[in-house]
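Q: One structure, pasted below without further comment.
The values are calculated or read from the model by the stated rules, or taken from the named source; none is laboratory data. Since we're looking at a predicted model, the values are computed, not measured. Positions of Cβ are generated from backbone atoms using ideal geometry, with glycine treated the same way; all protein chains shown enter the neighbour counts.
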Amino acid sequence: MAKTTPRAIPSMGTGLFTLSPITTPGTELVRIDTPPLTAVLNSSRLADTCAGCYDSSATVEGNPQELKECTRCRVVRYCGKNCQLKDWRFAHSLECPIFAKLHPRILPNNVRAVLRIVLRLKNGKCKQDELDAFLKLNTHARADRNDIVLAAKAVKEYSGTDMDEDLIASFFTRLEVNTFNLVAYDCTPIGLYLDSYSSLMNHSCDYNAIVVFDGDRMVVKATRPIGKDEQVFISYIDTTYCVTTRRRQLKERYFFDCDCLKCTRELENPDLAAAEAAEAAGEALINSVSSSPQLQDADIIQKYKTGINTILKNMPSNQNSYITKQPFMALRNELIVALINAGRYDDAWIQCAIEYFKIDPLLYPNRGHPLRRMHAWRLAKITASTGQNQLAQRFNVDPVVVLLHVLQWLVDGESEACSAPLLQAQIRSAYQGVSQVRRDTRMGWPAVEERLEHALQRELEELS
């Protein structure tokens, strides 16, 4: 039974509203089981992700996915015949000859996405009501921008359609402000996804719902209780950044200002200028590292540690209060990735533990938030894969007890989880695999928690 309905809103166009009270976080508000208007993988993920079901789990877990490429175009890959046949019927049979002719050149994501729409329309694979719903979507982007004009011209030429170039250009402008990031189960963006019904959801930095993907199916879940006839809001951007950064991002891409309660309150923050400067410094550091491929792992790690320390010292008040703010969250995540890449798993473990125990409970009070659960799963995996003696000797904690505590937390919160089903299945499997150990160590957590608290505080002091 439908849980949402579209309604017109003064000054906001159209939005989605609940039809009945939503009392439990994690409740499905929208599930799109029909194929989207268009969906494509990012160019960087074409080699390791199935273009039929968008599964990249084997690659994420460190086991290269055995995908078979389309023998004709050699651009897309599939995990099996069912996925290949499904995508062939949806759109690939139409785009494949074009891709083959252009190979090894690969068209940009947005061009491939619009090309699919145009080809499906030309060949009667897209219903008129789908097109009508798409054309009703708001867009404030300029269709006469040079990049859009050139892209529309290219799509018209490749597709052989008699469709007007101006109409194709309008497809690009709608795509620009109405697409969703297609994300893997670990919250990594892997492509673009456009469904006209879901695109009606408006933005709020104080959002009450979140979009996840169950393979090739979009699901919208409540992050907190929502009243009857209340509007469903999602976030178009990362809301962990300060209000001025968020407003700049929204203005540049979506052409509006957010006046939600979160934004209004944060505008009164006396330390706002310092927060802006810190975020700019953090962004510059990340960009500097990413644009320097010659850097060794040890150099990257030192740069991030020094950067965190330097930026923290320029903050106007209690430095520990900033660990839940940007850019320190982003820098810590980059540090964790660098430590893992360098094989320094015990160092990565303590940073993941800080994230799980000290940051996420404050940043994401809803225990079902997908990023909070993904961070918990990352801590569980690195705990399981790091030598137990190594962690025990350095941090004076029993890593088995920590692992069981985190897995228990993940399992207990499953009913409210806004995570992808694939992640839930992996968590349950890991939990069942340690059932015997679980019974033997359940009583050990209070003592471990106290020692862990000391280890976390020492690490926080060293980094600041």
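Q: Which of (1) over 13 Å from the mean Cα position of the chain (by Cα); (2) of a type in the set (D, E, K, R); (3) on the phi < 0 side of the Ramachandran plot does D238 not meet, given it meets every other one?
A: Of (1) over 13 Å from the mean Cα position of the chain (by Cα); (2) of a type in the set (D, E, K, R); (3) on the phi < 0 side of the Ramachandran plot, only one is false for D238: (1).
Q: Criterion first (modelled with pLDDT under 95 and of a type in the set (G, A, S)) does A425 satisfy it?
A: On the way: modelled with pLDDT under 95: yes; of a type in the set (G, A, S): yes.
So A425 fits the description; yes.
Q: Still on this structure, I have one more. Pick from the range 278-304 the residues that are among the charged types (D, E, K, R) and either surrounded by 14 or more Cβ atoms within 10 Å (Cβ to Cβ) or touching a helix residue (DSSP H, G or I) at 6+ places or on another chain (Cβ under 6 Å) (or both): which of them is farthest from V337 (Cα to Cα)? First the steps, then the outcome.
A: As a first pass, look at the range 278-304 and keep what is among the charged types (D, E, K, R): 279, 283, 297, 299, 303.
Those left that are additionally either surrounded by 14 or more Cβ atoms within 10 Å (Cβ to Cβ) or touching a helix residue (DSSP H, G or I) at 6+ places or on another chain (Cβ under 6 Å) (or both): 279, 283, 297, 303.
Details: E279: 19, E283: 16, D297: 10, K303: 13 Å.
Out of the qualifying residues, it is E279.
Q: Name the one entry in A430, A425, A392 that is out of contact with any helix residue (DSSP H, G or I) (no Cβ under 9 Å at 6 or more places or on another chain) and in the same structural domain as E453 (by TED's automatic domain parsing).
A: Numbers: A430 fails: out of contact with any helix residue (DSSP H, G or I) (no Cβ under 9 Å at 6 or more places or on another chain); A392 fails: out of contact with any helix residue (DSSP H, G or I) (no Cβ under 9 Å at 6 or more places or on another chain).
After applying the criteria, what remains is A425.
Q: Moving on to the next point. Looking at P35, P10, P6, P25, which is the one that is touching a helix residue (DSSP H, G or I) at 6+ places or on another chain (Cβ under 6 Å) and surrounded by fewer than 16 Cβ atoms within 10 Å (Cβ to Cβ)?
A: Numbers: P35 fails: surrounded by fewer than 16 Cβ atoms within 10 Å (Cβ to Cβ); P10 fails: touching a helix residue (DSSP H, G or I) at 6+ places or on another chain (Cβ under 6 Å); P25 fails: surrounded by fewer than 16 Cβ atoms within 10 Å (Cβ to Cβ).
Answer to the selection: P6.
Q: Evaluate the following for L404: is it under 21 Å from A348 (Cβ atoms) and at pLDDT 90 or above? Let's see the steps before the verdict.
A: On the way: under 21 Å from A348 (Cβ atoms): yes; at pLDDT 90 or above: yes.
Criteria met by L404.
Q: Select the helices (runs of 4 or more DSSP H) contained entirely in the range 363-464, then report the ones holding at least 3 residues which are crowded, with 19+ Cβ neighbours inside 10 Å, within 18 Å of the chain's Cα centre (by Cα) and not small (G, A, S).
A: Details: elements: 370-385, 388-395, 399-412, 421-433, 435-441, 445-463.
Helices (runs of 4 or more DSSP H) meeting the threshold: 370-385.
Q: Quickly run through the range 153-162 and pick out the residues that are buried (at least 17 other Cβ atoms within 10 Å of the Cβ) and not small (G, A, S).
A: V155, K156, Y158, T161
Q: A follow-up question, please. Within the range 254-301, how many residues turn out to be of a type in the set (D, E), assigned to a helix (DSSP H, G or I) and in contact (Cβ under 8 Å) with a residue 40 or more places away in the chain? Steps first, answer last, please.
A: Narrowing the range 254-301 to residues of a type in the set (D, E): 257, 259, 266, 268, 271, 276, 279, 283, 297, 299.
In the following step, the residues that additionally are assigned to a helix (DSSP H, G or I) were identified as 266, 276, 279, 283, 297, 299.
In the following step, the residues that additionally are in contact (Cβ under 8 Å) with a residue 40 or more places away in the chain were identified as 279, 283, 297.
Total meeting the criteria: 3.
Q: Going by the conditions given, is C187 on the phi > 0 side of the Ramachandran plot and not small (G, A, S)?
A: Working: on the phi > 0 side of the Ramachandran plot: yes; not small (G, A, S): yes.
So C187 fits the description; yes.
Q: Among the hydroxyl-bearing types (S, T, Y), more than 30 Å from N208 (Cβ to Cβ) and not assigned by TED's automatic domain parsing to the domain that holds Q390 - does that describe any residue in the range 298-307? Break it down stepwise before answering.
A: As a first pass, look at the range 298-307 and keep what is among the hydroxyl-bearing types (S, T, Y): 304, 306.
Among the residues that remain, those that are also more than 30 Å from N208 (Cβ to Cβ) are: 304, 306.
This time we only want the ones that are not assigned by TED's automatic domain parsing to the domain that holds Q390, so: 304, 306.
Within the range 298-307, one or more residues are among the hydroxyl-bearing types (S, T, Y), more than 30 Å from N208 (Cβ to Cβ) and not assigned by TED's automatic domain parsing to the domain that holds Q390.
Q: So, in the range 91-138, of the ones that are charged (D, E, K, R) and loosely packed, with under 15 Cβ neighbours inside 10 Å, which residue ends up modelled with the lowest pLDDT? Give the derivation first.
A: Step one: list which residues in the range 91-138 are charged (D, E, K, R), which gives 95, 101, 105, 112, 116, 120, 122, 125, 127, 129-130, 132, 136.
Adding the requirement that they be loosely packed, with under 15 Cβ neighbours inside 10 Å leaves 101, 105, 127, 129, 132, 136.
Numbers: K101: 98, R105: 97, K127: 88, D129: 91, D132: 94, K136: 93.
Filtering the range 91-138 for residues that are charged (D, E, K, R) and loosely packed, with under 15 Cβ neighbours inside 10 Å, the one modelled with the lowest pLDDT comes out as K127.
Q: Look through L150, L175, L167 and report the one residue that is surrounded by fewer than 17 Cβ atoms within 10 Å (Cβ to Cβ) and under 16 Å from L119 (Cβ atoms). So that I can check it myself, show each step before the final result.
A: Working: L150 fails: under 16 Å from L119 (Cβ atoms); L175 fails: surrounded by fewer than 17 Cβ atoms within 10 Å (Cβ to Cβ).
Just one listed residue meets the conditions, L167.
Q: From the list A330, A348, A338, pick out the single residue that is touching a helix residue (DSSP H, G or I) at 6+ places or on another chain (Cβ under 7 Å), assigned by TED's automatic domain parsing to the domain that holds A380 and hydrophobic (A, V, I, L, M, F, W, C).
A: Values: A330 fails: assigned by TED's automatic domain parsing to the domain that holds A380; A338 fails: assigned by TED's automatic domain parsing to the domain that holds A380.
The match here is A348.
Q: Has the range 217-234 got any residue that is surrounded by fewer than 23 Cβ atoms within 10 Å (Cβ to Cβ), modelled with pLDDT under 95 and out of contact with any strand residue (DSSP E or B) (no Cβ under 7 Å at 6 or more places or on another chain)?
A: no
Q: With respect to the numbered conditions (1) touching a helix residue (DSSP H, G or I) at 6+ places or on another chain (Cβ under 9 Å); (2) surrounded by fewer than 22 Cβ atoms within 10 Å (Cβ to Cβ); (3) closer than 20 Å to Q326 by Cβ, which one is the sole condition not fulfilled by S196?
A: Result: S196 fails condition (3) only.
Q: Of all residues in the range 235-272, which are among the aromatic types (F, W, Y) and surrounded by 15 or more Cβ atoms within 10 Å (Cβ to Cβ)? Steps first, answer last, please.
A: Pass one, the range 235-272, residues among the aromatic types (F, W, Y): 236, 241, 254-256.
Matches in the range 235-272: Y236, Y241, Y254, F256.
Q: Restricting to the range 121-166, count the residues that are β-branched (V, I, T) and within 29 Å of the chain's Cα centre (by Cα).
A: In the first step, residues of the range 121-166 are kept if they are β-branched (V, I, T); the result is 139, 148-149, 155, 161.
Retained after the next criterion (residues that are within 29 Å of the chain's Cα centre (by Cα)): 139, 148, 155.
Residues that pass the stated criteria total 3.
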